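Data first, discussion second: the structure below is written as C-alpha cells.
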Amino acid sequence: MTTSTPTGDTESITTDGVTTPSTDESGDETSIREWSELSTALQSGKMHNPTTDDILVIVDKTYNRVLAWRPGNRIVLVDIPKRHPGQSIPARCKWRFTESSDGFNGFCNLAECRYLGHNLWWEFMAQAFAQNGWEHFKLMNRGDGYTIQVPYWFSLRSLSARSDGTGIDIGRPNGTLWEFIRVSEW
C-alpha cells in the first residue's frame, strides 16, 4: 500500500503498519541528485542567482541552517538534514522563487504551496495562497550572499535569522546573509 503525505512525499506502509520512504529507482535517482547538488553547493560556496520558477533551498550563511515551513504555517531554521538512501530533500525546505507583476520577489513553499510573508504584527510565516503585498521581497546581492529585504512603510528592511532558529524577523539593521541553492526537482 502506498500513500501520499501532506508534503507530497511517497511512503510505503507494510502489513505491520510500519511506514518507510519509497525507494523506487526514479525517486532514488532524483533524491541522490538533489542531495548531491546541495552538498556540492555548500562545500564549494557557489551560490545560485535565483530566477523565476527556480526551486531553491534558502540557507542562512551565519548559522548554516535552512529556512523551513512547519505545521501551523510557522517558519523555522533547521540544521541541514543528513541524507539517507531513498530520501529526497524535504518539501518543507524547498521554495519556488516567484516574481510578481510589480517586480517584487516571492517564495512559495512546496510543502503546502503557501507564500512566505508576514502578518500585521510582523510575524513571518507561510500562510498566503497568493503573493500580495505582505509576501513581497527584494533581493540585494552582496557578493558573498544576499540580503532579503521586505517593504516596511516607505523603505526596505532586511530579514534576520533568529539565533535560536525559531524563525526570522526584521530586528537587525544589516540583516542576515542568505545563500540560495537551486535543486532540480520541481
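The values are calculated or read from the model by the stated rules, or taken from the named source; none is laboratory data. Everything numeric in this text was worked out from a predicted model, so none of it was measured. Quick reminder, even Gly has a Cβ in these numbers, built from the backbone with ideal geometry, and neighbours come from all protein chains shown.
Cβ-Cβ distances below 6 Å connect the following pairs, each with a first residue in segment 130-145 that is in contact (Cβ under 8 Å) with a residue 12 or more places away in the chain, a second residue that is not in a strand (DSSP E or B), and a separation of six or more residues or different chains: Gln131/Ser100; His136/Phe104; Gly145/Lys61; Gly145/Leu177. Taken over segment 152-186, the criterion of being within 13 Å of His118 (Cβ to Cβ), touching a residue at least 24 places away in the same chain (Cβ under 8 Å) and out of contact with any strand residue (DSSP E or B) (no Cβ under 7 Å at 6 or more places or on another chain) is satisfied by no residue.
Report whether or not Arg92 is among the basic types (Lys, Arg) and in a helix (DSSP H, G or I). Please lay out each step first, then the result.
On the way: among the basic types (Lys, Arg): yes; in a helix (DSSP H, G or I): yes.
The answer is yes for Arg92.
Taken over segment 22-70, the criterion of being loosely packed, with under 11 Cβ neighbours inside 10 Å and modelled with pLDDT under 90 is satisfied by Glu25, Ser26, Glu29, Gln43, Ser44, Gly45, Lys46. Across segment 75-95, the number of residues qualifying as among the basic types (Lys, Arg) and either closer than 22 Å to Leu159 by Cβ or modelled with pLDDT of 90 or more (or both) comes to 2.
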